[in-house]
Amino acid sequence: MSRITLIFLVIFLGMAILVYRAFYLQVVRHSDFVAQVEDLFKTTSTVPAPRGEILDRNGVKLAWNQRYTLLEISGNFDEKGLQNLLRTYLSEKTAEVLKRLKEEGSVELRLPESLELQLYSIRGLKVTPVYVRLYRSEAFSHVVGYANTEGEGLSGLEKYYDDVLKGESGLLLKSSKGDVIDRIRPIPGKNLKTSIDVRLQEYAYKLLEETGKPGAAIMMNPSTGEVYTLVSYPGYDPNLLSSGLDEAQWRLMAADPRGRFINRAISATYSPGSAIKPLILAAGLYYQRNQTETMTVNCKGHYNLYDSSGKLIASYSDWYLPGHGVTDYVKAVAVSCNVFFFQLGSYLGIERMREMASVFRIDELTGIDIPWEKKGVFPDPRWKYDNVGENWYLGDTILTSIGQGFVRLTPIELLQLYNLIATRGKVTVPHILLDKSAESWIIDLGDVFDRLVESLTQVTTRGGASLAEQGTAYSVFRNFPVTVAGKTGTAEVGGGRAPHSWFAGFAPVEHPAVSVIVFVENGGYGSQTAAPIARDLLRKFFELYPEKLTD
Amino acid sequence: MYPENDSEKKLMKDLAGLLLYVLLMLMLGIVALYGADILISTTYHVELSFVKKQLLWIALGLAGFLITALMDFKIHRNLAPVYLLAAVITLLIVFRFPPIGNSHRWINLKSFTIQPSEFAKIVILILLARYIEHAKDKMTSFIRGLIIPLLMVSPIVILTAIEPDLSTSVLMFTVIILLLYVAGTRFWHILTLMSGLALIAMASFKIGILKPYQMERLKSFVDLWTGGHPYQQELGRMAFATGGIFGSGPGLGTIKRYIPVRESDFIFSVFGEEFGVIGILLVFVLLLGLVNMLFKVASRYVESAFGRYYIYGFGILIAVQSLVNIGVNVGLLPPTGVPLPLVSYGGSSMIATLTGFGIAISIVTGEQRG
């Protein structure tokens, strides 16, 4: 045998071994390898759950989803099968969709859910539902908040109730060839029904917008804690944020000097001005009943403070410089006489006022169900020493008694003061979720609340020839169909800027169905800007809910 | 086994058969590369980049084939020293280029790269054929039948080894030994040489002539031979095995996409996944048929020792390289970077193989012309 023949035989033998080996792998061990490959290359993908919708108290949608179906080629895909399914729904547009899918590898369509479920069975096609979050308008931005493109709630109700809203994503298990092996359906998020009334909310936003100044407005049911309206102006367009805005848009929104992302209703504190007076009066009526009831001052437009040797150390002006004349506590509230409250405050002392503030929990978080609520400040000597590093002076007491100085409250904290007066001592944690069993408790101060309601009613009803006699919101609420109890507030801010404008109140006086607070930054006198807005809101409320008028 | 036959008709038939085998191998390669190109995730925007480029390489290879086939083969015999010089120079030039994967194997000319070792394989065949023709009566001598021819081609083998491309140099060495054996070198001479080399290697390990860092270097050098990551081999075997009897069908393999260098070193696995046992048998039939036909033609029609041993060498080269490549693919050999001739993607390998094949054809036709 020649050597080349031998070599050929060796080569033949080598090939034979390889053929045997190939046969062994491809036939004998075939199923083992197929199983191994299945195990290695089967894919699981998550199927997002639709986020729950957020609705107003009448079922109007505040936040909802637009559903798309994302089709991606992920294997040797069954074009015929896809074509047949799509044709039933897209008819002549099918060819175009298929063309785009093949050219770009993916396509996003709006398809009914039933068809989408059928698409899962198409081999080599990855089907993913995509939800785009949509929102009603800017007016709701600070209540509803927004969720990002990944479906995480980042602010407002979207954040607070994220766990409820987000649901549970499902799973899709596919073989290496792209056939569906198993499917765990996503559990959709639950819908949230809120106590918000779209009509009131949008109206409030519009009224604030018309002032052109930042501000906030809240309307609540004082007895149940339901929030009808919670507006902070300016807001932002949540649709931009939920769809993933570009950097330029973000900069533009963030750069707004008015601070679009601050929820002024709960996350910013301001001097309450005279709107704090009911708390001071409550302290007076509770701790020094007789003195307060019998106390009168002859207001000449200023209040002089003397030291023990009788030397004048300071003089504080009333907002009404001609003076209110002889004034008792009812008139003092109605005409917002500072001189009376200077006197009352200096009799009471800061500790008593602070004690009443603690009873009312005025500077504590109200516990409303949206994130980033801020705590206000009701000062006392200890607080001043810790935070300002100075001792407490009588002047501080005097300023505190008219809501100036160091007092800082959020609109929602201040509204809680009026709510507990409206309910004669029942405090309920405010909530935006409609069917929430809210925590509540009773503050028993005897008839103090009735006295307060009486005085607050005078603010809107006490007539008179001049501002010395007239309730501060009398002209605003003249001829208003229902009696309103409330209080204006004008908080000096210094620096030559106009004061902050406040109005807080409730109606009807006997069985209050609604409370309201309006705050306008640098809006001027309370009676000038905030009170008319509050009046318009109350009017709108009783138009919408006339049955609540029956006192 | 291969009785000589002078009939012109029979020769033409055998030559046509030879060409047919090569063409079928090329076509099979294109079909296999189509599979390597088509990935399941991008089924619908495929550029067929491997197929397109491979067609270009085949065209260039066929040009090389035509030129050498029509040339007088004796020119190569005369130019053998020049070829050796060229091979050595190009194998030195590769060190001027930055390494790819720790190895200097390529000359980078921006738009394409050349792998000189692929051409050097053909140069080795020419050198050996020429030597055997020259020393055909002295092949039984240990020195003249084994040592001298080995020393002659050793620059190529050693330069390839230190690129490092140990698998190609071992392949070269194997082909050289087999060809010398066919040419008459004594079997026990070869055995002696191999044992001697093995002893020297073991001794240098044992005695510790090598310093620890040199050992490390040697170890990493050996690792480079078994260079590829075993997992790509594992994936290759997996893809291959899932092919079953009939395969997934052309372009429809699903595992192939995960195999690195599926277009060259692991093209056999891709083909196996898509065409199954049936396709694999075809590859073996074609390979065996081609090698058999080369040997047959050389024995029957080629008188000159240079021509005959060149063709034997060419057949041995194709056979050994295929065995190594397929052995790696089915997991019988450690992973190496040896392509499957005429099938794997790659310009240098394709052009060198087809040009080498042209030389074989020119030998057969030239002999007949006289």
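The values are calculated or read from the model by the stated rules, or taken from the named source; none is laboratory data. Everything numeric in this text was worked out from a predicted model, so none of it was measured. Please note: Cβ atoms are built from the backbone with ideal geometry, for glycine as well, and neighbour counts cover all protein chains shown. For the accessible areas, the whole protein counts, side chains as well, though only heavy atoms, and no ligand, DNA or RNA atoms are used. Shrake-Rupley method; radii C 1.70, N 1.55, O 1.52, S 1.80 Å.
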>> At a threshold of 8 angstrom on Cα-Cα distance, excluding pairs fewer than six apart, so keeping six or more, what relative contact order does chain A reach in percent?
In response: 14 percent
>> Test of understanding: given chain B, find the longest segment containing no chymotrypsin sites (Phe, Trp or Tyr not before Pro) that are in a DSSP loop and have at most 16 other Cβ atoms within 10 Å.
In response: B:45-245
> Given 0.36 nm per residue, what is the gain on full extension from A:Y89 to A:N290 after removing their alpha carbon distance, in nm?
Replying inline: 64.2 nm
> What is the count of Lys pairs in region A:102-174 whose alpha carbons sit under 29 Å apart, if the two are 8 or more places apart or on different chains?
Replying inline: 5
> Extension gain A:V180-A:S437, at 0.36 nm per residue separation less the Cα-Cα distance, in nm?
Replying inline: 88.1 nm
> Roughly what % antiparallel, to the nearest 5, for the DSSP beta bridges in chain A?
Replying inline: 95 percent
> If you count the DSSP beta bridges with both ends in the protein assembly as shown, what percent of them are antiparallel, to the nearest 5?
Replying inline: 95 percent
>> Net charge around B:F97, counting only other residues with Cβ within less than 14 Å of its Cβ (Lys, Arg = +1; Asp, Glu = -1)?
In response: +1
> At what distance in nm do the modelled label points of B:I100 and A:A255 sit from each other, each positioned 7 Å from its Cα along Cα→Cβ?
Replying inline: 5.0 nm
>> Let me confirm one metric for peptide B:235-243, namely the mean number of other chain beta-carbon atoms within 10 Å of its residues' beta-carbons.
In response: 6
> When ranked by the protection proxy of mean other Cβ atoms within 10 Å per residue, highest first, what sequence do the peptides A:508-515, A:155-162 form?
Replying inline: A:155-162, A:508-515
> What residues of region A:525-539 lie in the reach of a label at A:N479, counting those whose backbone N is under 19 Å from a point 7 Å from the Cα along Cα→Cβ?
Replying inline: A:528, A:531-539
>> Per-residue Cβ counts within 10 Å, from other chains only, averaged over A:9-16: what number is that?
In response: 5
> Remind me, relative contact order of chain B in percent, using alpha carbon pairs under 8 angstrom and six or more residues apart?
Replying inline: 30 percent
> How big, on average over all directions, is the shadow cast by the Cα convex hull of region A:1-71, in nm²?
Replying inline: 9.3 nm²
> Which value, in debye to the nearest 20, gives the size of the charge dipole of region A:199-549 about its Cα centre, when Lys and Arg are +1 and Asp and Glu are -1 at the Cβ?
Replying inline: 540 debye
> Kirkwood hydrodynamic radius of chain A from all distinct Cα pairs, in Å?
Replying inline: 27.5 Å
> Per-residue accessible area for A:L394 at 1.4 Å probe radius, Å² rounded to 10?
Replying inline: 80 Å²
>> Viscosity 0.692 mPa s, temperature 37 °C: give me the Stokes-Einstein translational D for region A:382-424 in µm²/s, with Rh taken as the Kirkwood radius over C-alpha pairs.
In response: 273 µm²/s
> Translational D (Stokes-Einstein, µm²/s) of region A:358-471 at 4 °C and 1.567 mPa s when Rh comes from the Kirkwood sum over C-alpha pairs?
Replying inline: 79 µm²/s
> If you place +1 on the Cβ of every Lys and Arg, -1 on the Cβ of every Asp and Glu, and leave all else neutral, what size is the dipole of region B:8-369 about its Cα centre, to the nearest 20 Debye?
Replying inline: 700 debye
>> From the Cα trace of region A:144-291, what convex hull volume per residue do you get, rounded to a whole Å³?
In response: 180 Å³
> For A:D328 and A:E547, what does the FRET efficiency come to when R0 = 56 Å and r is the distance between their Cβ atoms, rounded to the nearest 0.05?
Replying inline: 0.90
> What are the principal axis extents of the Cα atoms in region A:491-551, in Å, biggest first?
Replying inline: 46, 19, 12
> Excluding same-chain residues fewer than 8 positions from A:K300, which aspartates and glutamates have a Cα within less than 19 Å of its Cα?
Replying inline: A:D318, A:D328, A:E469
> Efficiency by 1/(1 + (r/R0)^6): what FRET value for A:N58 and A:L394, r their Cβ-Cβ distance, R0 = 45 Å, to the nearest 0.05?
Replying inline: 0.25
> For the protein assembly as shown, with the dipole built from +1 on Lys and Arg beta-carbon atoms and -1 on Asp and Glu ones, taken about the Cα centre, which of A:G376, A:V27, A:Y146 lies farthest toward the positive end?
Replying inline: A:V27
> Could you give the Stokes-Einstein D for chain B in µm² per second, using the C-alpha Kirkwood radius, 10 °C, 1.306 mPa s?
Replying inline: 74 µm²/s
> So how strong a dipole does the protein assembly as shown carry about its Cα centre when Lys and Arg Cβ are +1 and Asp and Glu Cβ are -1, to the nearest 20 debye?
Replying inline: 3140 debye
> Can you work out the FRET efficiency for the pair B:S49 and B:S141, with r the C-beta to C-beta distance and R0 = 60 Å, to the nearest 0.05?
Replying inline: 0.70
>> Give the average, rounded to an integer, of partner chain Cβ atoms located within 10 angstrom of each Cβ in A:238-249.
In response: 0
>> If I stretch the segment between B:E303 and B:M194 completely, what's the gain in nm (0.36 nm per residue apart, minus their alpha carbon distance), one decimal?
In response: 36.1 nm
> Once you list every other residue whose beta carbon is under 11 Å from the beta carbon of A:A357, what net charge do they have if Lys and Arg are +1 and Asp and Glu are -1?
Replying inline: -3
> Kirkwood-based Rg over Rh for the protein assembly as shown (C-alpha set), two decimals?
Replying inline: 1.31
> For labels at A:L9 and A:K193 in the simple 7 Å Cα→Cβ model, what's the distance in nm?
Replying inline: 9.3 nm
> Angle, helix A:79-90 long axis vs. longest principal axis of chain A, Cα atoms, 0 to 90°, nearest 10?
Replying inline: 40 degrees
> Quick one: accessible area per residue over the protein assembly as shown, 1.4 Å probe, rounded to a whole number of Å²?
Replying inline: 42 Å²
> A:K61: net charge of surrounding residues, Cβ under 13 Å, Lys/Arg +1, Asp/Glu -1, itself excluded?
Replying inline: +3
> For chain B, what is the calculated [θ] at 222 nm in deg cm²/dmol (nearest 500), taking -39500 (n - 2.57) for each run of four or more DSSP H residues and dividing by its residue count?
Replying inline: -23500 deg cm²/dmol
> Each label point is 7 Å from the Cα along the Cα-to-Cβ direction; what then is the distance between the points at A:S317 and A:D246, in nm?
Replying inline: 5.3 nm
> Short version: what are the Cα gyration tensor semi-axes of region A:414-551, square root of 5 times each eigenvalue, largest first, in whole Å?
Replying inline: 25, 18, 16
> So for region B:8-369, taking the charge dipole from beta-carbon charges (+1 Lys/Arg, -1 Asp/Glu), which of B:G347, B:N325, B:S167 sits furthest toward the positive end?
Replying inline: B:S167
> Lysine pairs in region B:37-136 8 or more apart or on different chains: how many have alpha carbons under 30 angstrom apart?
Replying inline: 8
